Amino acid sequence: MLEKMKEIISEQLSVDADSITENSNFKDDLAADSLDLFELVMALEDEYSVEIPAEDLQNLLTVGEVMNYLKEKGVE
Amino acid sequence: MKTRITELLGIEYPIIQGGMAWVAEHHLAAAVSEAGGLGLIGGANAPGEAVRDEIRKARKLTDKPFGVNVMLMSPYADDVAKVIVEEGIKVVTTGAGNPEKYMDIWKAAGVKVIPVVASVALARRMERYGADAVVAEGCESGGHIGEQTTMTLVPQVADAVEIPVIAAGGIGDGRGIAAAFMLGAEAVQIGTRFVVSEEAVVHENYKQRIIKAKDIDSAVTGRSHGHPIRCLRNEMTREYVKMEAEGKSFEELEYMTLGALRRAVQEGDVARGTVMAGQIAGLITKEQTCKEMIEEMMAQAKTLMKRD
């Protein structure tokens, strides 16, 4: 899943995929602003056919947190 | 002129008024609605009960529909969201964030929800979560702004969503309305021009500053800390931009503008206050009633578009 995540994040945020790790913080490490995060979350919803409501979004600060969240939603 | 927006909102003309803080109070909202557009009461940072009071006062002035703009970063946003339902308001626009958490209570009450968006992804998200329309607002607008222009944002949003799009930012006459329709909008949101309407209860100095503004008088403060605000340049903006260039902290910059919008709008301090206005201020040359403004703009737009 990490590889797919890297691909999506790299495309949506225009950052080098190799610079992304599970510990990457979207705002601090990947310089994403709120509009970037909406780009990303829409891409994730499309890719994994899940809904990520706004109240959950505020707790998803790193790549690893998003991966755990998706796993809890049944994404493999 | 009929569009999906006029049908959705039950209004005569495809014009909605911006939910401007300190400006969009009940006199203006009622006047725009009476003239056939959609007036809006700006919730801004006001408590729920203050918004309720404004809604009731507007009802005394008009039987036509009007809406409320909810500023989502307001500490009172939850209260205002409830007051809207309790008072039977049927149209809400939202700014400064994502209104998802209120979608259920508003939809259940039959409220039409129209978020203001500054990107395609946010527009798509709002559609997915039940929005009835979106306002695509370009950075020509006054107040808090995004990065994209109306010219570029509106057609991209119109292509990305099925729900109708309302264009905002830089529209102040019939040419602007016609242009917005060419870009795929089905209505426009207008702010700055209504600030100088006879019905707007703002300080005369503020109106005159907009009326006298030239094309190059628009300034943006706050880019350095990621919260850009467009207003008319004055002593305050010059000092602000200088302090930003010197790398002053967000706190120091914030302190300078504390209460500055109110100082401009209500006290008429156009030298040290935040004189919020869009880039179209230079086009606006006279005070008129809202009815005169709307009828003049629509007549011009219809001629240009060759439609009724």
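Read the figures in this text as sums done on the coordinates, not as results from a lab. Since the model is a prediction, treat every value here as computed from it, not as a measurement. Here the Cβ positions follow ideal geometry from the backbone for every residue, glycine too, while neighbour counts run over all protein chains shown.
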Quiz item: How large is log10 I(q)/I(0) at q = 0.12, 0.25 Å⁻¹ when the Debye formula is applied to the Cα atoms of the range B:1-86, each weighted equally and without solvent?
Solution: -0.32, -1.16
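How large, in Å, is the range B:130-259 by the Kirkwood hydrodynamic radius built from its alpha-carbon pairs? Kindly include the intermediate steps, with their values, before the conclusion.
Details: mean 1/r = 0.0614 Å⁻¹.
Computed over the range B:130-259, the radius equals 16.3 Å.
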Exercise. State the Kirkwood hydrodynamic radius of the range B:190-231 in Å, one decimal place, computed from all pairs of distinct Cα atoms.
Key: 11.7
Exercise. Convert each backbone phi in the range B:160-170 into a coupling constant with the Karplus relation 6.51 cos²θ - 1.76 cosθ + 1.60 (shift: θ = phi - 60°), then list the ³J(HN,Hα) values in order as whole Hz, x for Gly and Pro.
Key: 8, 10, 8, 5, x, 10, 10, 8, 9, x, x
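Within the protein assembly as shown, what percent of beta bridges assigned by DSSP are antiparallel, to the nearest 5?
On the way: 8 of 33 bridges.
If I count the DSSP bridges inside the protein assembly as shown, around 25 percent turn out antiparallel.
How many partner chain Cβ atoms sit within 10 Å of a residue's Cβ in peptide B:90-102, on average, as a whole number? All intermediate terms of the calculation are to be shown ahead of the outcome.
Working: counts 0, 0, 0, 0, 0, 0, 0, 2, 6, 1, 4, 3, 0.
Per residue, the number of nearby Cβ atoms from other chains is 1 on average.
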Exercise. List, largest first, the extents of the alpha carbons of the range B:214-276 along their principal axes, each in whole Å.
Key: 29, 26, 17
Quiz prompt | Approximate spin-label separation B:K101-B:D308, in nm, with each point projected 7 Å along Cα-to-Cβ | solution = 4.8
Quiz item: Distances over 17 Å make up what percent of all Cα-Cα pairs in the range B:87-145?
Solution: 34
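Taking every residue in B:114-123, how many Cβ atoms of other protein chains lie within 10 Å of its Cβ, on average? Intermediate results must be reported in sequence, preceding the final value.
On the way: counts 0, 0, 0, 2, 3, 6, 4, 10, 6, 2.
Per residue, the average neighbour count from other chains is 3.
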Practice problem: Take the alpha-carbon positions of the protein assembly as shown, form their convex hull, and give its projected area averaged over all directions (one quarter of the hull surface) in nm². | Solution: 18.7
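Per residue, how big is the convex hull around the C-alpha atoms of chain B? Give it to me in cubic angstrom, could you? Mind dumping the intermediate values first?
Values: hull volume 35.6 nm³, N = 308.
In chain B, the Cα hull volume divided by residue count equals 116 Å³.
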Practice problem: For the range A:2-72, state what percent of all Cα-Cα pairs lands in each successive 10 Å bin, counting from 0 Å until the bin that includes the largest distance. | Solution: 20, 65, 15
Quiz item: Between their Cα atoms, which of A:K27/A:K73; B:K60/B:K214; B:K101/B:K248; B:K112/B:K286; A:K27/A:K71; A:K27/B:K242 are more than 29 Å away from each other?
Solution: B:K60/B:K214; B:K101/B:K248; B:K112/B:K286
Self-check item: Label-point separation in nm, B:E86 to B:R59, each point 7 Å along Cα→Cβ
Solution: 1.2
